[in-house]
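The values are calculated or read from the model by the stated rules, or taken from the named source; none is laboratory data. On a predicted model such as this, the values are computed, not experimentally measured, just so you know. Reconstructed Cβ throughout: ideal geometry from the backbone, glycine too, with neighbour counts over all protein chains shown. Ligands, DNA and RNA are excluded from the accessible area calculation, which covers all protein heavy atoms including side chains. Shrake-Rupley method; radii C 1.70, N 1.55, O 1.52, S 1.80 Å.
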Amino acid sequence: MTLSRITTKADLQDYLHAAMQLEHATIPPYLTALYSIHPGTNSDAFHVIRVVAVEEMLHLTLAANMLNAVGGEPDMTRAGFVPRYPAYLPDGEADFEVSLERFSPTAIGTFLKIERPAQAPSEEMRVLRRPKPRAAIPAVHPDGDDGLHFWSIGEFYAEIARGIQHLHDQGVDLFTGDPSRQVTPELYYSGGGEVIPVKDLASALAAVELISEQGEGLTGSIYDEEGELSHYFRFQQLTLGRYYQAGDVANSPTGPALEVDWDAVYPLLTNATITDFPAGSEVRAAAEAFNAGYAEFLSLVNQAFTGQPDLLIPAVGEMFALRDQVGRLVRNPAPGRPGVNAAPTFDMPETTR
Amino acid sequence: MPSSAPVDADTIYDAVIVGSGVSGSLVANELSKQGFHVLVLEAGPGEDQTIRGYEKYLSRFYEATSKDNNSPYPANPNASMPRSPAVHSLAAGQPDSSSYLVQNGPFPLDSTYTRTLGGTTMHWEGKALRMLPEDFETRSRYGQGLDWPISYDELAPHYRRAERELGVSADVQDQAELGIPFEPGYVFPMQGLPASYLDQAVAAGIDGTGVRLDGEDYHLKVRAFPQARNGIPNAAYDGGKGYVPVGAVSTHQVEQGERCQGNNNCVPLCPVQAKYHAGKTLAKALAGTVGKVDLRTQAVASRVHVDHVTGRVSHLEYKAYADPGSPEHTTHTVRARLFVLAANAVETPRLMLASGLPSSSALMGRNLMDHAYLLTWGLMPGPVGTMRGTVCTSGISDLRGGAFRHGQAAFAADIHNDGWGWAGGTPEVQVLDLVDSMNAFGPDLRRGAVDRISRQLLLAWMVELMPDPSNRITVDGRYKDALGNLKPVLSYNIADYTLAGVAQARSLSRRLFQRLGVEDHTDYRPTDVGYVSYQGEGYVIRGGNHWSGTHVMGTTPANSVVDADQRSWDHENLFLVGSGSMPSIGTSNTTLTLAALCLKSAEQMVRQLRDETSAVELATTTGSAQA
């Protein structure tokens with residue numbers, strides 16, 4: 001996706017399409033790591049990853065609300081909406097790729113990059129994390145691509161917030177969408193912040209702020225205004241072996257100790273694709289069934305985002321079914337690959353409609 | 001965080017609360033919010049303050065062979081609890097003292113409670129019903145039982161607060177139709193739970209059924225029960241402010257315990273903490289910054305000491321143990337201005353009686369009530385998706401009140417989404433029977449299991465029981481637990497008034513099964529625990545875990561143990577709180593009502609603590625001089 005700075009309502013809609021794609025793109029990697037953990041083990045890690053995955057689903061819903069509010073048409077069934085992994089994130093962060101892989105130090109390393117703070121928490125980290133100098137934020141990618149590339153998801157959303165404010169200041173009639181398309185708190189809630197129906201400037205900016213603060217802690221604090229720990233620091237607890245608690249500063253958690261058992265994990269095939277499993281094998285059938293189920297699920301959620309929000313209720317049951325389908329894959333060996341288990345591939349048909 | 005370190009003997013707490021269940025947690029939270037320093041003593045362990053600890057309960061439940069109400073909680077001889085597998089039929093005149101709860105008979109009661117952090121709300125099902133206004137005055141209206149010293153209207157504001165604290169999902173219109181008044185415009189914090197497919201199938205068959213009782217006509221309607229379980233928040237709640245559901249208790253931030261997922265094992269433990277448990281309130285109390293709440297787990301209150309000059313409680317003794325597997329313990333003393341016993345309707349009178357404090361009314365431990373449950377079960381004509389949803393979403397509540405209560409007990413029925421489990425027909429039993437008796441395997445076994453389980457219907461008929469002074473908890477020097485504390489001794493029988501309701505329920509069940517085309521598999525055998533004969537027919541009656549009445553509230557020190565604020569008539573700085581204070585329980589699960597009572601009592605405690613400061617310190621000094 002190529003993005004330039006937001007100067008028109010159409011630009012804003014493009015960004016919000018990208019936002020939905022971006023939020024969704026983090027979910028398959030998180031779920032793969034989550035379900036690779038042996039059931040009943042690694043409680044601390046399981047819950048840390050689960051929290052983040054659930055909040056990405058909230059962010060996806062918030063992005064859909066924003067897109068609907070400004071008269072856009074969410075489409076999660078279009079070709080390419082689900083990336084083929086390994087993948088660069090759709091906001092243009094070009095210094096790392098995201099893989100579908102088991103819970104491991106490598107996976108958590110990637111998750112930390114996904115959720116990295118908008119502005120590095122210290123000058124030292126800024127240097128460590130940026131292998132070569134970049135242009136001013138938002139940066140132009142050094143390879144000559146004329147699209148915008150963001151250092152972090154936080155900066156991507158900062159541009160959306162700037163764009164919304166800018167268009168509003170220009171007198172553009174932004175909030176022309178059908179209010180009945182909004183997903184409301186009755187239909188969606190999670191402990192980490194309520195879904196915000198978007199209907200005007202204030203609610204749109206509140207939605208952007210919620211996403212940014214939950215993910216990356218835009219303000220530079222490890223906690224957001226609601227006292228919730230941001231995703232980056234949640235993951236960091238797994239590498240530091242200790243929980244943060246109120247009053248802590250970045251990189252120095254002082255809460256209860258946290259235990260990680262990196263071995264209590266199914267040895268999943270990294271970035272598996274459907275052709276990694278022999279045609280006719282049970283694993284292949286299970287992988288295809290999962291992909292078909294996931295495509296149907298996206299289609300159901302898309303219907304919820306395009307006029308039938310009540311469909312989010314039955315969608316919850318479908319999520320349980322998907323979890324069970326993943327279970328069938330990760331607990332079984334990949335045929336012809338000793339010591340390696342099958343994994344969900346998230347290969348989508350060209351169009352799922 | 002819970003601690004088992006002994007309390008500082010020099011500290012004088014504002015209040016000491018015995019028990020960390022729903023009553024104790026609510027009181028602790030209320031007092032702490034008003035700035036008081038509170039100590040909570042919990043007899044059991046406190047491993048569930050973290051998600052990891054809670055998950056230990058869950059794995060213990062998954063691995064247990066018996067899935068009874070207390071299966072998730074570790075066996076603990078130092079703070080033992082009743083368990084279903086330990087209840088046996090009784091021989092006339094021979095008490096059964098083989099387990100913690102000594103059964104003196106004549107009726108063996110299979111009811112439990114849980115001694116762990118959070119108490120019995122860990123295993124409770126979560127139904128949160130208000131009592132009917134007429135339930136508060138059964139003596140004056142129907143010549144049965146006891147009147148309350150307060151009316152429904154006086155309790156109503158506290159019901160509202162309890163519904164907020166417990167997070168109740170219900171439809172107000174549905175409840176109002178039962179004759180329960182609500183303030184104009186009131187809605188519950190969350191919308192009513194959606195009916196299960198089984199509920200809908202039953203409703204399609206029986207809605208509108210007419211029942212004639214004592215010359216009056218009633219019409220049945222399947223409706224969802226109010227439940228303390230996270231559902232869809234009601235945007236209209238609190239004048240349009242809405243309601244934010246409370247999730248899982250944890251020392252770190254987790255997104256767990258949100259909307260009910262229908263895991264179908266609410267009893268004995270909700271896997272995701274969508275169901276309210278007292279740990280949610282206790283966590284708030286412990287995190288509070290206005291007052292201060294200290295918590296000691298593995299600390300069993302063993303004696304209440306009274307200053308015989310002032311009549312006030314001077315101090316409390318408790319036994320602390322480090323290892324549930326060993327009876328080794330140390331004994332400690334704790335002092336406070338106010339003492340609150342919130343140990344439940346068995347343990348609270350047990351502690352008082354063991355302390356030689358039978359109440360000047362002599363009613364301590366008496367008037368024990370529970371609900372009598374009659375199960376009827378059968379197979380629906382086609383698959384109805386049994387085993388989906390909460391343990392129970394809906395039922396029949398239309399016969400909870402009426403003039404027929406002059407002569408027989410009121411009753412209600414639960415439609416169980418978990419099939420025949422309570423009657424002993426769990427999916428495991430079904431599968432074993434298919435394998436052992438039907439020689440089924442492979443696809444036949446799979447189809448057979450689905451066919452048997454997905455058609456199961458079980459109705460649990462809750463029949464009311466009136467207070468009777470001879471139904472009671474006592475203690476007896478012959479029966480002691482591992483720490484040397486006296487065990488509770490239960491004497492219990494079921495009166496004809498209740499049995500008449502049981503018979504009526506059985507007869508109505510037959511009619512409803514006919515209407516539904518249900519194949520009746522109900523089977524009561526004389527060898528079953530809880531078998532009784534009434535007017536030539538046999539029934540098996542089970543307990544409901546709704547222990548109550550044992551420190552009954554009333555209008556005078558002669559007719560009751562506590563006053564309308566649950567304050568002891570004998571000891572002005574002692575409150576006995578919980579369902580033990582209830583003079584009647586109607587056909588209402590007791591938790592919401594006892595929660596409302598505790599919130600009401602906490603207001604009185606606050607007034608008392610504020611008014612009495614100087615006098616209390618004087619009394620405490622007197623007490624310690626005598627100790």
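A few comments on the model shown:
- Test: residue in the stretch B:163-172 that is open to solvent by less than 40 Å² (accessible area, probe 1.4 Å), among the hydroxyl-bearing types (Ser, Thr, Tyr) and either over 24 Å from the mean Cα position of the chain (by Cα) or within 30 Å of A:Phe320 (Cβ to Cβ) (or both): yes
- Yes/no for A:Val195 being at pLDDT 85 or above and touching a Pro at 6+ places or on another chain (Cβ under 6 Å): yes
- Test: residue in the stretch A:282-298 that is away from chain B (no Cβ under 14 Å), in contact with a Pro (Cβ under 9 Å, 6 or more places away or on another chain) and part of a loop (DSSP other than H, G, I, E, B): no
- You will find that of B:Ser20, B:Ser32, the residue that is in a helix (DSSP H, G or I), at pLDDT 90 or above and touching a strand residue (DSSP E or B) at 6+ places or on another chain (Cβ under 6 Å) is B:Ser32 and no other.
- Within the stretch B:250-280, the set of residues being part of a loop (DSSP other than H, G, I, E, B) and more than 14 Å from chain A (Cβ to nearest Cβ) comprises B:Asn265, B:Cys266, B:Val267, B:Pro268, B:Leu269, B:Cys270, B:Tyr276, B:His277.
- Filter result for B:Leu101 (of a type in the set (A, V, I, L, M, F, W, C), under 26 Å from B:Gly407 (Cβ atoms) and modelled with pLDDT of 95 or more): no
- Scanning the stretch B:25-52 for residues being within 14 Å of another protein chain (Cβ to nearest Cβ) and open to solvent by less than 10 Å² (accessible area, probe 1.4 Å) gives a total of 2.
- Unique match (being on the phi > 0 side of the Ramachandran plot and either under 27 Å from the mean Cα position of the chain (by Cα) or at pLDDT 95 or above (or both)) among B:Gln504, B:Gln535: B:Gln535
- Lone unmet requirement of (1) touching a residue at least 60 places away in the same chain (Cβ under 8 Å); (2) open to solvent by less than 70 Å² (accessible area, probe 1.4 Å) for A:Ala321: (1)
- If you go through the stretch A:73-96 and keep only what is under 24 Å from A:Val260 (Cβ atoms) and either surrounded by 19 or more Cβ atoms within 10 Å (Cβ to Cβ) or without any contact (Cβ under 8 Å) to a residue 60 or more places away in the chain (or both), you end up with A:Tyr85, A:Phe96.
- B:Glu317 being open to solvent by 20 Å² or more (accessible area, probe 1.4 Å), within 14 Å of chain A (Cβ to nearest Cβ) and without any contact (Cβ under 8 Å) to a residue 60 or more places away in the chain: no
- When residues of the stretch B:419-440 are limited to those that are assigned to a loop (DSSP other than H, G, I, E, B) and open to solvent by 30 Å² or more (accessible area, probe 1.4 Å), the one farthest from B:Asp199 (Cα to Cα): B:Asn439
- Listed by first and then second residue, the pairs linking a residue in the stretch B:333-346 that is at positive phi to a residue that is acidic (Asp, Glu) and open to solvent by 10 Å² or more (accessible area, probe 1.4 Å), with Cβ atoms under 8 Å apart and 6 or more places separating them unless they lie on different chains, form an empty list.
- Residue match in the stretch B:39-54 (condition: within 16 Å of B:Thr116 (Cα to Cα), modelled with pLDDT of 90 or more, in contact with a Lys or Arg (Cβ under 8 Å, 6 or more places away or on another chain) and not aliphatic (A, V, I, L, M)): yes
- Residue check for B:Asn78: crowded, with 19+ Cβ neighbours inside 10 Å, more than 14 Å from chain A (Cβ to nearest Cβ), modelled with pLDDT of 95 or more and touching a His at 6+ places or on another chain (Cβ under 8 Å): yes
- Selection from the stretch A:208-249 of residues that are in contact with a Phe, Trp or Tyr (Cβ under 7 Å, 6 or more places away or on another chain), assigned to a loop (DSSP other than H, G, I, E, B) and hydrophobic (A, V, I, L, M, F, W, C): A:Ile222
- Among the residues examined, B:Gly586 does not qualify as open to solvent by less than 10 Å² (accessible area, probe 1.4 Å), closer than 20 Å to B:Gln103 by Cα and not basic (Lys, Arg).
- A:Gly255 modelled with pLDDT under 95, open to solvent by less than 20 Å² (accessible area, probe 1.4 Å), within 14 Å of chain B (Cβ to nearest Cβ) and closer than 27 Å to A:Arg234 by Cα: yes
- Filtered residues of the stretch B:291-339 (kept if of a type in the set (Gly, Ala, Ser) and part of a strand (DSSP E or B)): B:Ala299, B:Ala301, B:Ser302, B:Ser314, B:Ala320, B:Ala336
- Residue count for the stretch A:220-252 under the criterion of being among the hydrophobic types (A, V, I, L, M, F, W, C), within 11 Å of chain B (Cβ to nearest Cβ) and open to solvent by less than 50 Å² (accessible area, probe 1.4 Å): the result is 2.
- Pick from the stretch B:511-529, criterion in contact (Cβ under 8 Å) with a residue 60 or more places away in the chain and of a type in the set (Lys, Arg), ranking: most open to solvent (accessible area, probe 1.4 Å): B:Arg515
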